[in-house]
1. Give G110, G164, G153, G101 a once-over and let me know the one that is more than 9 Å from the ligand (Cβ to nearest atom) and outside any helix (DSSP H, G or I).
2. Please tell me if A168 is open to solvent by 30 Å² or more (accessible area, probe 1.4 Å) and under 23 Å from P44 (Cβ atoms).
3. Filter segment 128-137 down to residues that are more than 16 Å from V159 (Cα to Cα) and touching a strand residue (DSSP E or B) at 6+ places or on another chain (Cβ under 8 Å) and give me whichever is farthest from the ligand (Cβ to nearest atom).
4. Checking the condition aliphatic (A, V, I, L, M), in contact with a Lys or Arg (Cβ under 6 Å, 6 or more places away or on another chain) and open to solvent by 10 Å² or more (accessible area, probe 1.4 Å), which residue from A73, A95, A77 passes?
5. Look at segment 69-91 and say how many of its residues are closer than 17 Å to M134 by Cβ and among the charged types (D, E, K, R).
6. Tally the residues that are near the ligand (Cβ under 6 Å from one of its atoms), in a helix (DSSP H, G or I) and open to solvent by less than 30 Å² (accessible area, probe 1.4 Å), restricting the search to segment 138-150.
7. Taking segment 113-127 as the region of interest, how many residues are open to solvent by 40 Å² or more (accessible area, probe 1.4 Å) and within 14 Å of the ligand (Cβ to nearest atom)?
8. Can you name every residue in segment 29-59 that is closer than 19 Å to S98 by Cβ and away from the ligand (no atom under 16 Å from the Cβ)?
Amino acid sequence: MSGIFPETVMQTSRLTLRPFTGGDIDDTRAACSDELTQRWLPLPRPYTREDATAWCTEVAHALRESGDGIHFAIADASNDRLMGTVGLKKTDWRARVSEVGYWVAPWARGRGIAAEATRVLGEWLLTDRAFQRMELLAATENTASQKVALRAGLHREGVLRNAGFVHAGRVDLVLFSLVPQDFQSRPPAPTDPSS
Ligand SMILES: CC(C)(COP(=O)(O)OP(=O)(O)OC[C@H]1O[C@@H](n2cnc3c(N)ncnc32)[C@H](O)[C@@H]1OP(=O)(O)O)[C@@H](O)C(=O)NCCC(=O)NCCS
């Protein structure tokens, strides 16, 4: 069983989640060359203008068309400048499970953008697209990413030993998830001792 996510645009008051375009090439190159991005994501090193061009105009689109997932540019809603990316990959259409990933450009960090975009994407995946689970995997030492996961409402499930790799070598990964019940959960009603 397989599928393809439809080309989609989503909007919040300050963010637009839209497909990558040729206009994002220079900002993508700068963000993917950044030291922190390169520390936690095994992107090409050095990350060239050709790499950015391929990603923005071909690879991100081809991954959606292959059924693997969907990759959004996170753009500033006021001027459409690239602020980061959030996307889905390794989609299992039979189990209806997909894995989220993100980076935020150095000029847009520290404003809660990754969590906001991850929450919007998770709601879309689990309600609109009727998926059953969105996963996030973050290196145990990547505390910023783990804060993002919790702020986006994901639940921490445990550590996968030696499961990931970055340029510096193998890493343990913390597994987080978001499931449909997370949108329905209400705090339990207080029990009335007199009843
Ligand atoms: C992880 C990442 C996406 C967070 O994005 P963000 O939108 O800046 O997230 P937040 O604004 O919620 O900040 C999260 C944490 O990042 C750190 N942070 C804040 N401002 C920062 C800045 N200017 N530069 C670097 N880190 C910063 C803080 O620890 C912050 O936590 P705090 O608010 O409790 O102090 C971003 O740091 C990034 O792109 N990192 C490199 C790629 C990466 O790790 N991707 C995830 C792989 S699993």
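1. On the way: G110 fails: more than 9 Å from the ligand (Cβ to nearest atom); G164 fails: more than 9 Å from the ligand (Cβ to nearest atom); G101 fails: more than 9 Å from the ligand (Cβ to nearest atom).
Answer to the check: G153.
2. Numbers: open to solvent by 30 Å² or more (accessible area, probe 1.4 Å): yes; under 23 Å from P44 (Cβ atoms): yes.
Against the criterion (open to solvent by 30 Å² or more (accessible area, probe 1.4 Å) and under 23 Å from P44 (Cβ atoms)), A168 qualifies.
3. Step one: filter segment 128-137 for residues more than 16 Å from V159 (Cα to Cα), giving 128-134.
Then drop every residue that is not touching a strand residue (DSSP E or B) at 6+ places or on another chain (Cβ under 8 Å), which leaves 131-134.
Numbers: F131: 19, Q132: 21, R133: 17, M134: 13 Å.
Ranking the qualifying residues of segment 128-137, first place goes to Q132.
4. On the way: A73 fails: open to solvent by 10 Å² or more (accessible area, probe 1.4 Å); A95 fails: in contact with a Lys or Arg (Cβ under 6 Å, 6 or more places away or on another chain).
Just a single option satisfies the conditions, and that option is A77.
5. First, pick out the residues of segment 69-91 that are closer than 17 Å to M134 by Cβ: 69-72, 74, 85-91.
Of the ones still in play, those that are also among the charged types (D, E, K, R) are 89-90.
Within segment 69-91, residues that are closer than 17 Å to M134 by Cβ and among the charged types (D, E, K, R) number 2.
6. Narrowing segment 138-150 to residues near the ligand (Cβ under 6 Å from one of its atoms): 138, 142, 144-145, 147-148.
Keeping just the survivors that are in a helix (DSSP H, G or I) gives 144-145, 147-148.
Then keep just the ones that are open to solvent by less than 30 Å² (accessible area, probe 1.4 Å); that gives 145, 148.
Qualifying residue count, segment 138-150: 2.
7. Kept after step one, since they are open to solvent by 40 Å² or more (accessible area, probe 1.4 Å), are these residues of segment 113-127: 116, 119, 123, 127.
Restricting the remaining residues to those that are within 14 Å of the ligand (Cβ to nearest atom) gives 116, 119.
Qualifying residue count, segment 113-127: 2.
8. Quick first cut of segment 29-59, residues closer than 19 Å to S98 by Cβ only: 41, 59.
Of everything in segment 29-59, just one residue is closer than 19 Å to S98 by Cβ and away from the ligand (no atom under 16 Å from the Cβ), namely V59.
The values are calculated or read from the model by the stated rules, or taken from the named source; none is laboratory data. The structure displayed is predicted, hence computed values, not measured ones. Don't worry about glycine lacking a Cβ; one is built from the backbone with ideal geometry, like all the others, and counts go over all protein chains shown. For accessibility, only protein heavy atoms count, side chains too; no ligands or nucleic acids. Shrake-Rupley method; radii C 1.70, N 1.55, O 1.52, S 1.80 Å.
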